[in-house]
Amino acid sequence: MTIHIGANPGDIAETVLMPGDPRRAKWAAETFLEDATCVNEVRGMLGFTGTWKGHRVTIQGSGMGMPSLSIYANELIRDYGAQTLIRIGSCGGMQEAVKVRDVILAMTCSTLSTPSRGIFRELNFAPCADWGLLQAAQQSAQRRGVGLHVGGIYSSDVFYDERPDLNEQMIRHGILGVEMEAAELYTLAARHGRRALAVLTVSDHLITGEALPSEDRERSFGDMVEIALEAAFA
Ligand code: HPA
């Protein structure tokens with residue numbers, strides 16, 4: 001047990017999928033894993049471990065934003081020995097070519113800061129995805145025929161943004177989408193020598209204002225879970 005995860009040692013698999021929403025962790029575990037059991041309920045941040053095609057997998061909610069994800073990813077890495085951590089979540093589209101329902105694989109994450117800012121001080125560290133996971137996810141997404149984009153994303157600290165000029169600069173520099181967690185996941189994975197990737201479904205769009213209807217969310221979310229699982233065990 002750790003401060004925020006109630007699982008016993010050995011309850012957490014080496015491969016961990018991390019949706020922001022704990023109820024999505026439950027849905028994904030019930031939908032895609034065999035013999036899934038709940039391994040964490042602390043603060044309602046549900047986690048489940050089961051198997052996918054014979055491989056042990058944990059699906060653990062991260063909460064929203066980098067400070068929350070950082071707590072769970074740190075404990076998964078340092079105390080439970082997680083080796084492969086894949087964020088599965090939603091993002092806002094930032095380019096005309098990026099459509100709602102498309103999947104973005106985050107090659108790099110730009111930020112104003114991460115919880116790791118204190119280490120880097122004046123240095124601008126560039127958090128990037130694990131290449132092997134990225135490549136395998138790209139192949140999986142292509143096989144599935146989903147609209148796919150691979151490139152840089154923006155990990156923001158705010159959903160309700162008071163600085164539209166920052167989004168404009170991100171859009172101007174070709175950033176594909178905005179979310180709130182991946183940069184810290186990539187930074188922690190780099191620090192501890194683990195593999196990380198963010199597979200993101202575009203749920204809303206900053207330029208067009210379009211948003212994914214709630215009935216479509218489950219289907220799109222399912223593609224993302226399967227891409228993450230195929231990438232983890234490729
Ligand atoms: N901003 C930040 N995070 C998000 C968004 C957004 O528009 N959509 C989904 N996650």
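What follows draws every value from the coordinates through simple rules; no lab data is involved. Only a predicted model underlies this, so the values are computations on that prediction, with no experimental measurement involved. With ideal geometry, Cβ positions are generated from the backbone for all residues, glycine too; neighbour counts draw on all protein chains shown.
Things to note:
- Sequence of TYR186, TYR160 once ranked by neighbouring C-beta atoms within 10 Å, starting from the fewest: TYR160, TYR186
- Seen through its C-alpha gyration tensor, with square-root eigenvalues sorted a ≥ b ≥ c, the stretch 1-119 comes out oblate because a/c lies at 1.5 or above while a/b is not bigger than b/c.
- Computed helical MRE - 222 nm, the chain, DSSP H runs ≥ 4 contributing -39500 (n - 2.57), nearest 500: -10500 deg cm²/dmol
- Under a 5 Å amide H cut-off, with hydrogens placed 1.01 Å from N, GLY6 pairs with GLU41, VAL42 among residues at least 5 apart or on other chains.
- Of all the options GLY50, GLY81, GLY209, the one that moves most in a Gaussian network model of the chain with Cα springs shorter than 10 angstrom is GLY209.
- Only beta bridges with both residues in the chain are counted; by DSSP, about 40 percent of them are antiparallel.
- For CYS109, the residues 5 or more places off, or on other chains, whose built amide H falls under 5 Å of its own are ILE153.
- Residue order, fewest to most surrounding Cβ atoms within 10 angstrom, among ASP21, ASP216, ASP165: ASP165, ASP216, ASP21
- Choice from LEU166, LEU176, LEU33 with maximal GNM fluctuation in the chain (Cα, 10 Å cutoff): LEU166
- Shape of the stretch 15-232 from the C-alpha gyration tensor: oblate (a/c of 1.5 or more and a/b not above b/c, with a ≥ b ≥ c the square roots of its eigenvalues).
- Listed from fewest to most Cβ neighbours within 10 Å, the set ILE86, ILE175 follows the order ILE175, ILE86.
- A simple rule links phi to the HN-Hα coupling: the Karplus curve 6.51 cos²θ - 1.76 cosθ + 1.60 with θ = phi - 60°, which for the stretch 142-150 gives 5, 4, 7, x, 7, x, 10, 9, 10 Hz, with x for Gly and Pro.
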